[in-house]
1. When you scan the stretch 131-139, do you find a residue that is under 27 Å from residue 24 (Cβ atoms) and without any contact (Cβ under 8 Å) to a residue 40 or more places away in the chain, even just one?
2. Regarding residue 72, is this residue without any contact (Cβ under 8 Å) to a residue 24 or more places away in the chain, farther than 18 Å from residue 31 by Cα and surrounded by fewer than 18 Cβ atoms within 10 Å (Cβ to Cβ)?
3. Can you spot a residue in the stretch 48-61 that is more than 10 Å from the ligand (Cβ to nearest atom), under 11 Å from the mean Cα position of the chain (by Cα), without any contact (Cβ under 8 Å) to a residue 60 or more places away in the chain and assigned to a strand (DSSP E or B)?
4. Report whether or not residue 81 is more than 11 Å from the ligand (Cβ to nearest atom), surrounded by 16 or more Cβ atoms within 10 Å (Cβ to Cβ), under 19 Å from the mean Cα position of the chain (by Cα) and closer than 19 Å to residue 25 by Cα.
5. Just the residues that are under 14 Å from residue 92 (Cα atoms) and exposed (fewer than 14 other Cβ atoms within 10 Å of the Cβ), please, taken from the stretch 145-169.
6. Could you check how many residues of the stretch 85-118 are surrounded by 16 or more Cβ atoms within 10 Å (Cβ to Cβ) and within 13 Å of the ligand (Cβ to nearest atom)?
7. Within the stretch 34-43, identify whether any single residue is free of Cβ contacts under 8 Å to residues at least 40 places away in the same chain and surrounded by 14 or more Cβ atoms within 10 Å (Cβ to Cβ), and answer yes or no.
8. What pairs come up if the first residue lies in the stretch 168-184 and is in contact (Cβ under 8 Å) with a residue 12 or more places away in the chain, the second is surrounded by 11 or more Cβ atoms within 10 Å (Cβ to Cβ) and in a loop (DSSP other than H, G, I, E, B), and their beta carbons are under 6 Å apart, counting only those six or more places apart or on different chains?
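Readers should treat all values here as calculations from the given coordinates under stated rules, not as data from a laboratory. As the structure is a computational prediction, the values presented were derived from the model and not from experiment. Heads up, the Cβs are rebuilt from the backbone with ideal geometry, glycines too, and the neighbour counts pull from every protein chain shown.
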Ligand SMILES: Cc1cc2nc3c(=O)[nH]c(=O)nc-3n(C[C@H](O)[C@H](O)[C@H](O)COP(=O)(O)O)c2cc1C
């Protein structure tokens, strides 16, 4: 960033990194940690792949199997936090989001774009997380109906830059992402 006081450029850098994560499987932004709250109130975090980052709409998307525990959690409490650390840019991006679970006709185009070899990620039998008799006592058929897109509308963004002098800022949707510097 040229002007360290530029809140707009700071946010722009975060979006640039997220777009890179979608486009480039080797980018650290490709694999955010995705945290939800279980129906019994327990925090649950896991790695996911970032599939879309849309700055104008303030949205990111993740693909999942509709039978996973995260999807069950989101049905009860449709909020998720994403955390991304990009070592090369010294940047941490934290997103607080409200999530819509899209399936069926709403995600036909996305399903068509999932490589055939990857479609087995959606349809594991028994359901993901079910105890099984041995390590490989499961099947992975591709099941179109189990494919879900988690559309995460961002409510809040927290950025931390660990350069020589640390910088931190928060941005909220409700004021049009104007941003505020925070003590790091
Ligand atoms: C590198 C990596 C990428 C992953 N990407 C996804 C993903 O995009 N979507 C997903 O549902 N699970 C993904 N997983 C698996 C999840 O971390 C998790 O094990 C699985 O979704 C079940 O989580 P849950 O029971 O908490 O829902 C990925 C795991 C790793 C290690």
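1. no
2. no
3. Checked against the condition, which is being more than 10 Å from the ligand (Cβ to nearest atom), under 11 Å from the mean Cα position of the chain (by Cα), without any contact (Cβ under 8 Å) to a residue 60 or more places away in the chain and assigned to a strand (DSSP E or B), the stretch 48-61 yields at least one hit.
4. No; evaluated as a whole, the condition is false for this residue.
5. 163, 166
6. Final tally of qualifying residues: 4.
7. Yes - at least one qualifying residue is present in the stretch 34-43.
8. 168/184; 169/179; 171/177; 171/179; 173/58
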